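Only one structure is covered here, and it is reproduced in the block below.
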């Protein structure tokens, strides 16, 4: 096999292997649970209607941003578990800023987005500074910050909330219509609109790719992630990188809740979707920290979740099967990539060894 | 588990006949024949890639041979895993230690072999017995992180013996040791041999091989080419057997030293909390075209000195100047940009991104300078082109610049690092153990490059545990002891023995240089 | 990096699977599908969209399920059920309702105020389908029935009972999650207690803050909070914390104090070993509401608009099993009458 063929083949082999394994394992779970395996798969694989496609894309947009935020940390060996807290604090801040309408129309939107990015970055930055200055593991500090975020938002929400009589949901003041981000009725008005924020998410993905792979900063970040010692020896200021990476990760995390806030909910309340940050961790793993991989992972997760209602209502299967499938997919992806990576490494080492088998005449360096 | 009864010395412990191992496209071993007796130290020498490691992996059950037979104590065995090898009495001490830093010596030894003597007093007694009978001096309750390299190696040997090994393989055990530690190791090995064990010793360092081995087998291109009695050969002859051609040596050429001081370190100290400074008032100057060698027993401040000059170590006092520029307040990156290059001691940890392609490794340390960077962006095209130049000029054996660094052999990795650090017209090169663990061919090439650069006016700070290398390359040699520069020697007048005693702080010899 | 990837994968998989297990408990959707009653046959298909926890949560969702089961038994409805997942998006709740509607289900009962926005939205998309929502009166429309409860009135009575029974003049309230709904319980309880003893000391705590809704299903947290109150001198504690209440009963039993249950008659459902600490329970008869609503549906008279289940219609109340409040029943009945007559106005917050 030539190199030109091997690389793309290996790249396709890993996800293919993972999906087949996940399919088999999930079927096994279904059989053990005594659920109708065939029906479950045919329901899951039923092509979604236009309306569901819109839902899937919208949910994936949110997941995408979350996974991107996690991936920035991952690339530097930082485990930002705090995306969940970061986006909730940031979304709340944005909801207040946009809801109070301090600036009119689109300016209010821009201000809200800025507020979200800054608040998310600051919240993650706390963990970054603690890690850089005091060596506190970011895993622990971000988990703790998640708890603090929950309480802080709950407390602040009660301060600023407006409550409709008879409602049990409290929320921030509703964002004025002219500050909302319009949706894209790509599949017809009846079927709902795709979040306008999908464009922002795509730009973030492109920016992430460019930053990491094309810039000096990205190189330093990846180098630090691979080997902090080598990065230090090469002149990287690792402490500054830690703080910067956490700020970036938190900034993107700040955007996570905005598609929902500015595109459909228009208020941050007690029923605002939570847990997106944790889904982001799984999706970042699934997408191998690659912007396109993450997009596919986000779509897959969103698609599976979209199918959980028909599964329950039409096939009478517990929606937990969806969560189990998601978990199995993450595991199989990680394992199959590791298997394929090792195989690829062996292939490469062999190739290098072959290259060493050049005729004796080419071997220089022995005679001086 | 069955502990083989120690057979009388002289009896064959291992016989490998006709061993062949082929990886697709590469013959790693071909018709390897080897006989190792009990009560003897048997050395295996050969260039990197000559097939020594593959052979040892076969003997340790990591890989299965395609052909040939393995006999241990006269009976044919089939080793399909290290566990098989261990129960057949084969133990291996790897070049890279596999110890848990935060556990004690005893815990490290027992870890994974709990079934032998449990983890309690019986285990402790057994460890102490082994230490006693083989003269291995280690404190069982000491934390491994507190141990020096030599002691760690003894722990590795202890681990192997604890598991009942009668045949001990050591993979380049002296690569990480200083002369005194090497002597200690050899004493230990001789003890093992006295006790009737068979010791297989892999090394590049021919002098050592000649001084310790009872038999030497030379490998070249996957095959065993000769087994000789060390009494009958010189190091030179042995080396010629290894590479099959004439040999280089690190002889200095005419001095190229000029008057222009390039690197000036003055009053550098590194205090620590416990009051024992790691570096104390170090001052040195290196002139244009000069190689200053630093000799010292490992752990006497060499690593700290390098990190202080590179600006990687917080808490350093004193000043570092490059020509007219004061570097003291500058970051590592700024110092590199000023023209200081750095070949780190541990290439895997400090020198390379193992899972990145070679061209990215070319960028490492040069992130801010052309050809690696263009403005804020990484210039991939130019980096790749320049990597190809390095591959060509420094004879890095690789199919191309997109190969992962991990896939290269140690010598080729090091040649890439040397080529990288010589790029961009550096003024000063800090070279820490530049030829550690590389084969003879690569070593000669690296020496040649350092000499060439010196001729062109490069100032080099050379830190090495290889005293021949220091003497051969340096214009001056300073000895570092407990964080201080204690004496200076003229390499043309000094012997390794004199250097050795100065390094350990023993005797009046220390001052002979001046 | 690689080791971290593996660790992260394990952790997040564990989290997913745990949330799958934790979310459902004894998830039993077996009663859905074509669960036809034994007696009568009917063309009516009822859909029930539960909140997180679903059937089997031994609390709110189960009460709704009980009402549904009785109606199915009586009228031979077909029924289909679906439960919310933890951390789901708004669109998923909407989609749940739409999936029901598309499957020809009518009426659709949404259990819990979290469905308010989705019922409001989807009911407009399916004007010919009837919806009912429990605990919410914001989502309104011609095809929406709002089944709400006067939790404050029931809480008033158990508050009064606590004040009459306490020996220390010191009682406590544990809320599951700090949301307006639970605030109603607290307000009524306090009003009832101070009505009896104006200077009574009342400790108050909430187990979690939204969006963390685990306070409704965390007995350990409930137990810790209750122990704190008993240690602090309270001798009767009332909880509005769903499944977390089990912890309260344990704490009461261990410290020899009393507790007040919520939603259903917890004397009947609790573990026999802690029965004797349950002074009474504030009854919130969700099952009655569901059953009545379905009875109207069977009769062809589908309700819409707000139906308030208060003391006057026995939508809320207090339980007497165990006999511990027998000696004060007269006083409680008197309060009840005064509330029904409007002589006492019970605050809701």
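Observations on the model:
- Relative contact order %, segment A:58-306, counting alpha carbon pairs below 8 Å whose residues are six or more apart: 41 percent
- Helices in chain A, meaning DSSP H runs of at least 4 residues, each add -39500 (n - 2.57). Divided by all residues, the mean residue ellipticity at 222 nm is -23500 deg cm²/dmol.
- Gaussian network model of chain A, springs between alpha carbon atoms under 10 Å - residue of A:88, A:288, A:342 with greatest fluctuation: A:342
- Computed E for residue C:333/residue A:155 - FRET, C-beta separation, R0 51 angstrom, nearest 0.05: 0.80
- Comparing mean-square fluctuations of A:190, A:322, A:334 from a GNM of chain A with C-alpha springs under 10 Å, the top value falls on A:190.
- Our helix-only sum for chain C, with -39,500 (n - 2.57) per DSSP H run of n ≥ 4 divided by its residues, gives a mean residue ellipticity at 222 nm of -13500 deg cm²/dmol.
- Taking label points 7 Å from Cα along the Cα-to-Cβ direction, residue C:197 and residue B:66 give a separation of 9.2 nm.
- On Cα atoms only, tilt of B:380-393 relative to the major axis of chain B in degrees: 70 degrees
- Gyration tensor (alpha-carbon) shape descriptor, segment B:12-243, a/c threshold 1.5: prolate
- Backbone N within segment B:298-320 under 19 Å of label point (7 Å from residue B:329 Cα along the Cβ vector): B:309-320
- Sites residue B:283 and residue B:31 - FRET efficiency at Förster radius 56 Å, r taken between beta-carbons, to 0.05: 0.45
- Angle between chain C longest axis and helix C:329-340 axis [Cα atoms, degrees, rounded to 10]: 50 degrees
- Cα gyration tensor shape of chain A, rounded if a/c is under 1.5, else prolate or oblate by comparing a/b with b/c: oblate
- Full-stretch length increase - residue B:128, residue B:95 - with 0.36 nm per residue and alpha-carbon distance subtracted: 9.4 nm
- Here each label is just a point 7 Å from Cα along the line to Cβ, and for residue B:497 and residue C:276 those points are 9.5 nm apart.
- For the protein assembly as shown, alpha-carbon Rg relative to the globular expectation (2.2 N^0.38 Å, N residues): 1.16
- DSSP beta bridge pairing in segment C:210-349, given as percent antiparallel to the nearest 5: 25 percent
- Tensor-based shape of segment B:261-511 (alpha-carbon gyration tensor, a/c under 1.5 rounded, otherwise prolate or oblate): prolate
- Highest-MSF residue in chain A out of A:118, A:248, A:130 [GNM, Cα springs under 10 Å]: A:130
- In terms of other Cβ atoms within 10 Å, B:342, C:206 run from fewest to most in the order C:206, B:342.
- Label reach from residue B:207 (point 7 Å along Cα→C-beta): in segment B:450-493, amide nitrogens under 11 Å belong to B:466-472.
- Residue B:103 paired with residue A:341, simple spin-label distance in nm, labels 7 Å along Cα-to-beta-carbon: 2.5 nm
- When peptides B:270-277, B:126-133 are ranked by their average number of other Cβ atoms within 10 Å per residue, the highest-first order is B:126-133, B:270-277.
- Taken residue by residue and averaged, Cβ atoms of other chains lying within 10 Å of the Cβ of B:334-341 number 1.
- Efficiency of FRET between residue C:326 and residue C:43 - r from beta-carbon atoms, R0 45 angstrom, step 0.05: 0.45
- Extension gain for the segment residue B:388 to residue B:116, taken as residue separation times 0.36 nm less the Cα-Cα distance, is 92.6 nm to one decimal.
- Backbone N within segment C:61-94 under 15 Å of label point (7 Å from residue C:299 Cα along the Cβ vector): C:75
- Computed from Cα positions, the angle between helix C:2-24 and the longest principal axis of chain C comes to roughly 80 degrees.
Coordinate-derived values only; no laboratory data. The structure displayed is predicted, hence computed values, not measured ones. Positions of Cβ are backbone-derived with ideal geometry, glycine not excepted, and every protein chain shown enters the neighbour counts.
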